[in-house]
Amino acid sequence: MTLEEFKAKFIKAEEEAMLKGNVDALDKVYSPDLVIHSEQFPFQELKGIEARKQQVRGNSQAFQIIKLDWDEMVGEGDTIAYRYTMHLKHTGTSPMVPVPPTGKELVVKGSQFLHLKDNKVSEVLGQIDMLGMLQQLGAMPGR
């Protein structure tokens, strides 16, 4: 599989999981022994594909994703880096955002590095603008 083919497959699986709630689509692109180094609150290292599925489920408890933009995606060798923008509506609470639902629409940016092994993501190093998200929710001063 070429890098371009994998990128298209990855985007399709992520959108299926995040926009439609079909977390089993993630099995197509993530290794069972996946490791996620997450800067999301609470700071954590997640292990295994089930942990990624739970992360998506948890996020969907607090947010409805209105739109997901893939701003830039590049790859070389066994690594893909990308930036994204999520347009969200805050509809609930989750471990990531323990703030009562506000109904506010947010724009949140992030980036990730994916390391591939045997045509599946084996490691993720991610960053999301949590401060900006919390400011938009009114839970932190700013904006």
Residues of segment 1-24 classified as surrounded by fewer than 19 Cβ atoms within 10 Å (Cβ to Cβ) and either of a type in the set (Gly, Ala, Ser) or not in a helix (DSSP H, G or I) (or both), total: 5
For segment 31-50, indicate whether the set of residues that are among the aliphatic types (A, V, I, L, M) and in a helix (DSSP H, G or I) is non-empty. yes
Checked ARG52, ARG57 against criteria (in contact (Cβ under 8 Å) with a residue 12 or more places away in the chain, over 17 Å from HIS115 (Cα atoms) and basic (Lys, Arg)); the one match is ARG57
Does segment 96-107 contain any residue that is of a type in the set (Ser, Thr, Tyr) and closer than 26 Å to TYR30 by Cβ? no
Read through the list (1) touching a residue at least 12 places away in the same chain (Cβ under 8 Å); (2) more than 19 Å from the chain's Cα centre (by Cα); (3) more than 27 Å from ILE80 (Cβ to Cβ), then give the number of the only condition that LYS117 fails. (3)
Return yes when GLN44 is among the polar types (S, T, N, Q), touching a residue at least 60 places away in the same chain (Cβ under 8 Å), over 17 Å from PHE6 (Cβ atoms) and touching a strand residue (DSSP E or B) at 6+ places or on another chain (Cβ under 7 Å) and no when it is not. no
Residue hits (segment 99-143; closer than 19 Å to PRO32 by Cβ and among the β-branched types (Val, Ile, Thr)) are VAL121, VAL124
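Taken together, the values in this text are just the output of simple stated rules run on the coordinates, not laboratory data. Everything numeric in this text was worked out from a predicted model, so none of it was measured. Every residue, glycine among them, receives a Cβ derived from its backbone with ideal geometry; neighbour counts consider all protein chains shown.
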